Amino acid sequence: MAELDQYREIVQKLLTDYADYSNDDQNVDTELILDTTRDHYQLVHVGWQNEHRVYGCVLHLDIKNGKIWLQHNGTERDIAAELVDMGVPKTDIVIGFHSPFKRQFTEYAVS
C-alpha cells in the first residue's frame, strides 16, 4: 500500500508541476483531474482562443496493478524518464500508448 501512495504522490506532483507552467493564455484553463479513488490522472486544456474552442488532454496517467500507465503524452518531454528520475523503476512504468506488441521493445514494463 505504501508503494501505491508513493506513486499517487509522484504522479500528482508531476502533473501539478506541468500545470503550473503549462499555459499562459487567460482564456484557456489548465485543469488537473486527480481521481485518487480510481487512480486516473489528467492535465487538460479547456477554453477559447479567438473564435476557436480549445479542449485537449496534455497528459494522462493511470495507476493499475501497481504500475504507472502513461496513457497519453501530448508534450515533447520524455515523461517516462521523468518518472524514473522521480524514483519509479522502469519495471513499474507501462507506455500505454504503445501497442502491447511494441512494448516488449522498450526499456519499460509490458503490462
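Taken over the range 12-45, the residue count meeting the criterion of being polar (S, T, N, Q) and under 17 Å from Ile68 (Cβ atoms) is 5. If you filter the range 27-44 down to residues that are modelled with pLDDT of 95 or more and touching a Phe, Trp or Tyr at 6+ places or on another chain (Cβ under 9 Å), you find that the one that is farthest from Ile63 (Cα to Cα) is Val44. The residue of the range 43-84 that is surrounded by the most Cβ atoms within 10 Å (Cβ to Cβ), among those that are of a type in the set (Lys, Arg) and part of a strand (DSSP E or B), is Lys67. Glu3 fulfils the conditions (1) without any contact (Cβ under 8 Å) to a residue 24 or more places away in the chain; (2) within 19 Å of Glu82 (Cβ to Cβ); (3) loosely packed, with under 12 Cβ neighbours inside 10 Å except for a single criterion, (1).
The residue of the range 25-42 that is nearest to the chain's Cα centre (by Cα), among those that are closer than 24 Å to Val11 by Cβ and not in a strand (DSSP E or B), is Asp39. Taking the range 85-107 on its own, how many of its residues are in a loop (DSSP other than H, G, I, E, B) and either in contact with an Asp or Glu (Cβ under 8 Å, 6 or more places away or on another chain) or closer than 20 Å to Lys13 by Cβ (or both)? Adding up the residues that qualify gives 5. For first residues located in the range 51-62 and touching a residue at least 40 places away in the same chain (Cβ under 8 Å) and closer than 19 Å to Phe97 by Cβ, partners that are exposed (fewer than 15 other Cβ atoms within 10 Å of the Cβ) and of a type outside the set (D, E, K, R) and lie 6+ apart or on another chain with Cβ distances below 7 Å form the pairs Val58/Gly74; Val58/Thr75; Leu59/Gly74; Leu59/Thr75. Screening Arg103 with (1) surrounded by fewer than 13 Cβ atoms within 10 Å (Cβ to Cβ); (2) over 21 Å from Thr36 (Cα atoms) gives one miss only, at (1). In summary, Thr36 fulfils each of the numbered conditions (1) buried (at least 17 other Cβ atoms within 10 Å of the Cβ); (2) more than 20 Å from Glu76 (Cα to Cα); (3) out of contact with any strand residue (DSSP E or B) (no Cβ under 7 Å at 6 or more places or on another chain) with the single exception of condition (1). Total residues in the range 12-48 satisfying the condition of being in contact with an Asp or Glu (Cβ under 6 Å, 6 or more places away or on another chain) and aliphatic (A, V, I, L, M): the figure is 2.
The values are calculated or read from the model by the stated rules, or taken from the named source; none is laboratory data. Remember, predicted model here, so these are calculated numbers, not experimental data. So basically every Cβ, Gly included, is an ideal-geometry build from the backbone, and we count neighbours across all protein chains shown.
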